[in-house]
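Enquirer: Following this message is one structure expressed as structure tokens.
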Amino acid sequence: MEARAIQRTVRQSARKMRLVIDQIRGRAVPEAYAILRFSKKHAARQIHKVLKSAVANAEQHAQRSNVALDVDGLRVGYAVVNEGPTLKRFTMGAMGRGMPILKRTSHVEIHVSAPDVVTAPAPKPAAKPSGKSKEKPAAEKPAAKAKAKAASATKGKAKSKTKGRSK
């Protein structure tokens, strides 16, 4: 089971938010909560909100499909921060100029998923040994080598012919 949450146009640059999101990617949800709770970065608050929303979405999905869900078993599977629209503002500069101010925004997307139930792989059918299959590759190898030699010999001749013509 997978659930996601997206927050768009967060008023912080994507570059700063990626430092925090890289720390929680692939971690268990309780561990990710702890990392975000004790992080000094301002981006941690916004990412915490998105993670909380993704977990709530997973719970709602589980209730609708009547499936038991352990929130502590969820993992952050996919977490990215992309750039959003940039707000362009201007401030006064020297000699009547306008200096640009770029107020960057970002989009945060987090997917949480429950680990899939691992089943034992099915036993492979026993291979049937046959003497013929072992002999074929050995017989094919000399023929392939002979073809390769013939091809390389013709390439060398073609090069010498062109050299003779150009003179």
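The values are calculated or read from the model by the stated rules, or taken from the named source; none is laboratory data. Note that this is a predicted model, so its numbers are computed, not measured. For neighbour counting, all protein chains shown are included, and Cβ atoms are generated from backbone atoms with ideal geometry for every residue, glycine included.
Enquirer: If we scan segment 38-49, do we find a residue that is of a type in the set (Phe, Trp, Tyr), under 27 Å from Ser65 (Cα atoms) and more than 18 Å from the chain's Cα centre (by Cα)? Even if it seems obvious, please write down each step before you answer.
Expert: Let us first name the residues in segment 38-49 that are of a type in the set (Phe, Trp, Tyr), namely 38.
Within this subset, residues satisfying the condition of being under 27 Å from Ser65 (Cα atoms) are none.
Within segment 38-49 (the criterion being of a type in the set (Phe, Trp, Tyr), under 27 Å from Ser65 (Cα atoms) and more than 18 Å from the chain's Cα centre (by Cα)), the answer is no, since none of the residues qualifies.
Enquirer: Out of everything in segment 68-82 that is surrounded by 12 or more Cβ atoms within 10 Å (Cβ to Cβ) and part of a loop (DSSP other than H, G, I, E, B), what residue ends up being modelled with the highest pLDDT? So that I can check it myself, show each step before the final result.
Expert: Initial filter on segment 68-82 (surrounded by 12 or more Cβ atoms within 10 Å (Cβ to Cβ)): 69, 71, 73-82.
Add one more test, that the residue is part of a loop (DSSP other than H, G, I, E, B), and what stays is 69, 74.
Numbers: Leu69: 90, Leu74: 95.
Result: Leu74.
Enquirer: Of all residues in segment 19-28, which are outside any helix (DSSP H, G or I) and within 19 Å of His107 (Cβ to Cβ)?
Expert: Initial filter on segment 19-28 (outside any helix (DSSP H, G or I)): 25-28.
Result: Arg25, single match.
Enquirer: Taking segment 72-93, which residues are hydroxyl-bearing (Ser, Thr, Tyr) and touching a residue at least 12 places away in the same chain (Cβ under 8 Å)? Let's see the steps before the verdict.
Expert: Let us first name the residues in segment 72-93 that are hydroxyl-bearing (Ser, Thr, Tyr), namely 78, 86, 91.
Within segment 72-93, Tyr78, Thr86 meet the criteria.
Enquirer: Does segment 1-18 contain any residue that is at pLDDT 95 or above, loosely packed, with under 15 Cβ neighbours inside 10 Å, among the aliphatic types (A, V, I, L, M) and more than 16 Å from His111 (Cβ to Cβ)?
Expert: Looking for residues that are at pLDDT 95 or above, loosely packed, with under 15 Cβ neighbours inside 10 Å, among the aliphatic types (A, V, I, L, M) and more than 16 Å from His111 (Cβ to Cβ), one finds none in segment 1-18, hence no.
Enquirer: Every residue in segment 97-118 that is over 14 Å from Val10 (Cα atoms), modelled with pLDDT of 95 or more and not hydrophobic (A, V, I, L, M, F, W, C), please.
Expert: Result: Arg97, Gly98, Pro100, His111.
Yes or no, residue by residue, for (1) assigned to a helix (DSSP H, G or I); (2) within 21 Å of Pro115 (Cβ to Cβ); (3) touching a strand residue (DSSP E or B) at 6+ places or on another chain (Cβ under 6 Å); (4) without any contact (Cβ under 8 Å) to a residue 24 or more places away in the chain:
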residue	(1), (2), (3), (4)
Arg4	no, yes, yes, no
Pro30	yes, yes, no, no
Ser39	no, no, no, yes
Arg45	yes, no, no, yes
Ala58	yes, yes, yes, no
Asn66	no, yes, no, yes
Met95	yes, no, no, yes
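Enquirer: Just to be sure before I move on: is Pro85 surrounded by 10 or more Cβ atoms within 10 Å (Cβ to Cβ), assigned to a loop (DSSP other than H, G, I, E, B) and modelled with pLDDT of 95 or more in the structure I sent? Give the steps one after another, and end with the answer.
Expert: On the way: surrounded by 10 or more Cβ atoms within 10 Å (Cβ to Cβ): yes; assigned to a loop (DSSP other than H, G, I, E, B): yes; modelled with pLDDT of 95 or more: yes.
It is true that Pro85 is surrounded by 10 or more Cβ atoms within 10 Å (Cβ to Cβ), assigned to a loop (DSSP other than H, G, I, E, B) and modelled with pLDDT of 95 or more.
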